[in-house]
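The values are calculated or read from the model by the stated rules, or taken from the named source; none is laboratory data. Remember, predicted model here, so these are calculated numbers, not experimental data. Neighbour counts run over all protein chains shown; Cβ positions are idealised from the backbone, glycine included.
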């Protein structure tokens, strides 16, 4: 009897602990937050430096990963957008960004992290079995690996980071323009 | 082998989990009591309104007499938590109250942060710290929305009320719409005194200026407003109700009364003006053109006075005397004898001739001007007229000359008499009147 009441108590305590993140009504990425992320990253520095033009390498963007089918189910593409945010977060995890970049970089990283925390529920959305989630994921991961390579090759120089910044900006722009699942 | 049903296996698993949690729970509570560490703050919450963030906690530890308990609060952007080196920013260091204002930290509204607080017990020898108690905080999703900062109402004519809403403001007095662009307002309005009887009418508006229309005229309405944000179901408190009376169409009797009053007012004003004008005009008339006349003898006196009184108009100037040529003759002593008058003849004649000459010349010149071809008969007539005119002129001249001579003689006689008188006075006693 005592054990049962204790068990219920702990279960309740467990749930209370999990609910540290506030409940929001709908599960999904907010368009205004993705838009704000774009604006923040755009404003960390000025225009693309002329001296870094030689370093610029065009990496093929995996637009196939973000394909939205004509059927209403867009969970696959939405998950890819969510994954993108996680990969951006990982990319900026080491503290090798140029010091010339201003305070908006912190706000950008904070916002990306917040979106990841808030929209975790996206990954548990069910998508159609026809959706080739793995292929999408692989294409996206390959893209971000190439971007990470730029940093390692050029030893996180300023030009490397500027190239990476432009790549991330174009990715975010693509998500904003092509998606219909953003809240 | 008894095959376990899914339900039974599930139950077994649950029991194992529960036991494990219970053990962990006991261990933790034991560690706190045994290690003798300071009790950490409890019930750590963030009270956030617009951009004012306050961390609030309780502390139920024992305070001994020689102990001093303070608290320290810090914050960090949550994405930095996984780093080895975490640069926490202190906001309140060794404060005695169980609250800390994080407003001045200027946390980014869209970001996610970790706020933490711990208790410090100061004794004479050392300072003991409690464990840190964390609190994740995201202003965008958690901070409460404040009500509109100002609501102004005005009655705008027939059954219309205009409500002007000012946005809730940040701690920097900037509009909250900067952080919450999708903020909108809910306006509740009802007729004064009917709030309890039926639910108030509701209008939702994104705009700051709302017009409530089709309201009853000339009645009191009350209004209150709250700000709302749908995505995170944020609703602010309502503003305190404000009441105002609606305007409406002016009643007909109002218009008629106003018309009559203005009509009578203008009428009275015009009458007064006319009366006043008449009065002053009469006064003016009596001053400039008086009805009273001067006595006759004074009037005559004014007319007949000699030239020593200065006058603008004198009767003498009315008749003009045109003289062609005037010769000044020397004084001639008048002797009342007819012989001398004959001697005096040639002079007037001379004068006459001159006059005649001038007269003739005038006539001749006129004749010449008209042309040479004048008939002899006309010439004779003209000559006859001239001769008659000459005679008249001569007579006139003679008469005037006689008058002047007489006057001159009289004056001379007076002078002689005066001289005679003076000589006599010299001899005798003179009565001098001073």
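Here residue A:64 meets each of (1) closer than 13 Å to residue A:166 by Cα; (2) surrounded by fewer than 16 Cβ atoms within 10 Å (Cβ to Cβ) with one exception, condition (1).
If you filter the range A:112-145 down to residues that are in a helix (DSSP H, G or I) and out of contact with any helix residue (DSSP H, G or I) (no Cβ under 9 Å at 6 or more places or on another chain), you find that the one that is nearest to the other protein chains (Cβ to nearest Cβ) is A:121. Kindly establish whether residue B:63 is assigned to a loop (DSSP other than H, G, I, E, B), modelled with pLDDT under 90 and within 14 Å of chain A (Cβ to nearest Cβ). The answer is no for residue B:63. Within the range A:152-173, the set of residues being in contact with a helix residue (DSSP H, G or I) (Cβ under 7 Å, 6 or more places away or on another chain) and surrounded by fewer than 18 Cβ atoms within 10 Å (Cβ to Cβ) comprises A:154, A:169, A:173.
Residue A:181 falls short on exactly one of the conditions (1) assigned to a helix (DSSP H, G or I); (2) under 16 Å from residue A:33 (Cα atoms), and that condition is (1).
Among the residues of the range B:196-229, those that are farther than 14 Å from residue B:247 by Cβ, assigned to a loop (DSSP other than H, G, I, E, B) and in contact (Cβ under 8 Å) with a residue 12 or more places away in the chain comprise B:200, B:206, B:208.
Among what's in the range A:91-109 and is more than 10 Å from chain B (Cβ to nearest Cβ) and farther than 13 Å from residue A:44 by Cα, pick the residue that is surrounded by the most Cβ atoms within 10 Å (Cβ to Cβ). That would be A:91. What is the one condition in (1) assigned to a strand (DSSP E or B); (2) at pLDDT below 95 that residue B:283 does not satisfy? Result: residue B:283 fails condition (1) only.
So which of A:60, A:90, A:68 is modelled with pLDDT of 90 or more and out of contact with any strand residue (DSSP E or B) (no Cβ under 7 Å at 6 or more places or on another chain)? Exactly one residue qualifies, and that residue is A:90. The residues of the range B:138-190 that are in a loop (DSSP other than H, G, I, E, B), surrounded by 15 or more Cβ atoms within 10 Å (Cβ to Cβ) and more than 14 Å from chain A (Cβ to nearest Cβ), listed by number, are B:145, B:146, B:147, B:148, B:149, B:159, B:160, B:167, B:168, B:170.
Table: residues versus (1) in contact with a helix residue (DSSP H, G or I) (Cβ under 9 Å, 6 or more places away or on another chain); (2) within 11 Å of chain A (Cβ to nearest Cβ); (3) in a loop (DSSP other than H, G, I, E, B).
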position	(1), (2), (3)
B:75	yes, no, no
B:85	no, yes, yes
B:92	no, no, no
B:110	yes, yes, yes
B:117	no, no, no
B:136	yes, yes, no
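Selection of the range A:67-81 for residues being touching a helix residue (DSSP H, G or I) at 6+ places or on another chain (Cβ under 7 Å) and crowded, with 19+ Cβ neighbours inside 10 Å yields A:76, A:77, A:78, A:79, A:80, A:81.
In the range A:4-54, of all residues being modelled with pLDDT of 75 or more, in contact with a helix residue (DSSP H, G or I) (Cβ under 9 Å, 6 or more places away or on another chain) and at the interface with chain B (Cβ under 8 Å from one of its Cβ atoms), the one that is farthest from residue A:151 (Cα to Cα) corresponds to A:30.
When every residue of the range B:60-72 is checked against the conditions, none turns out to be crowded, with 21+ Cβ neighbours inside 10 Å, out of contact with any strand residue (DSSP E or B) (no Cβ under 6 Å at 6 or more places or on another chain) and touching a residue at least 12 places away in the same chain (Cβ under 8 Å).
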